[in-house]
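What follows draws every value from the coordinates through simple rules; no lab data is involved. Note that the coordinates shown come from a computational prediction; the quantities given were computed from them, not determined experimentally. All Cβ positions, even for glycine, are placed from backbone atoms using ideal geometry, and neighbour counts span all protein chains on display.
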Amino acid sequence: MPPVRSLFLSDIHLGTRACQADHLIEFLREHPSEHTYLIGDIIDFWAMHRGICWMPAHNTVVQKLLRRARHGERIVFIPGNHDEVLRDYPGVSFGGIEVHPEAIHETADGRRLLLIHGDIFDQVTRHHRWVAVLGDVAYNWLVRLNLWLSWARRKMGRSGYWSLAGYAKRKVKTALNFIFDFEDSAVRHARERGLDGIVCGHIHWAAIKEIDGLLYINCGDWVDSCTAIVEHFDGRLELVVWGSAPPALEPHAARPPALAESPPPVADIAMKAAR
Ligand SMILES: [Mn+2]
């Protein structure tokens, strides 16, 4: 019997430099499972538009997943916004990996969970797709610009009323509000469908918690935090933080999301969170 019943992974972003494929390969090796759910943004077609960064380790991830499907594991791929081209293939199976726009998983203890990437709960990607795409490109430039601006202000001796720290704090607060809105609308959606909870991704912030009596679960990502959700054979769900020097990640901790590519804290996190 494999060590866990189910694996839930999202936001791997294969095809980008930031993807932590090596850690993921280790994680997969240690966690054979009966069900594996890939909950979106597994392959980053948006980033590959701008320049492919496809490492040998990215091939290995794909091969390992195909191999698991061949050996009788159930592998379900639920596309996200970065791999939305696959949304055009509902019900299709690629090498034994089933593609569905969403799925329902029943845990060993009988809870029914909706599995969906979650970009539909993100007002930015939903209504202003161009903002999200632009934000993705502009993010690194914003970080640099902010650094340069603060340097220029110091040079000009204008340290006065404009506080970089205050600016960063306001941005973090915006990002946290963004997360709370996301979580609330995800849980509301699951409730409307008469389910016991939801497992999603998208905001790169792993969590297992109860909101208004429903289970809210986010798989996190394999760009920055190397997190996954596992289901044990008794139906218990656990957040796993993989790899060396994991952040002191508590599911409820107020940690700003998605600090990939090691930006300084001045980053426009709200924009980043829209990934
Ligand atoms: Mn996404």
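Which order do the peptides 30-42, 202-214 take when ranked by the mean count of other beta-carbon atoms within 10 Å per residue, highest first?
30-42, 202-214
How much net charge surrounds residue 216 when only other residues with a Cβ under 13 Å from its Cβ are counted (Lys, Arg +1; Asp, Glu -1)?
Values: positive: 111, 188, 191, 209; negative: 181, 183, 184, 196, 210, 212.
The answer is -2.
What residues from the stretch 61-84 fall in the zone where the backbone N is under 19 Å from a label point 7 Å along the Cα-to-C-beta line of residue 22?
Taking a point 7 Å out along Cα→Cβ of residue 22, the residues of the stretch 61-84 whose backbone N falls under 19 Å are 61-64.
Provide the gained length on full extension for the span residue 29 to residue 63, in nm with one decimal, where the gain is 0.36 nm per separating residue minus the Cα-Cα distance. Before the final figure, lay out the partial values.
On the way: separation 34, 0.36 × 34 = 12.24 nm, distance 1.22 nm.
Using 0.36 nm per residue and subtracting the Cα-Cα distance, I get 11.0 nm.
Taking amide H positions as placed in the peptide plane 1.01 Å from N, state which residues far from residue 205 in sequence (5 or more) or on other chains have amide H under 5 Å from it.
220
Going by average Cβ neighbours within 10 Å, how do the peptides 61-74, 217-230, 106-119 rank, with the highest at the top? Please list the in-between numbers first.
Numbers: 61-74: 15.4, 217-230: 25.9, 106-119: 19.3.
My ranking of the peptides, most packed first, is 217-230, 106-119, 61-74.
Exposure proxy check: 183, 231 ranked by fewest other beta carbons within 10 Å? Mind showing how you got there, number by number?
Numbers: 183 21, 231 25.
So the ranking, lowest neighbour count to highest, is 183, 231.
Could I have the simple spin-label model distance between residue 238 and residue 106, label points 7 Å from Cα toward Cβ, reported in nm to one decimal?
My value for the distance between the label points is 2.5 nm.
Residue by residue, what Karplus-based ³J(HN,Hα) values in Hz, rounded to whole numbers, does the stretch 17-24 have, using 6.51, -1.76 and 1.60 with θ = phi - 60° and x for Gly and Pro?
These are the phi-based 3J(HN,Hα) values: 5, 6, 4, 8, 5, 4, 5, 5 Hz.
Would you list which aspartates and glutamates come within 14 Å of residue 171, measuring only between C-alpha atoms, while excluding same-chain residues fewer than 8 positions from it?
List returned: 268.
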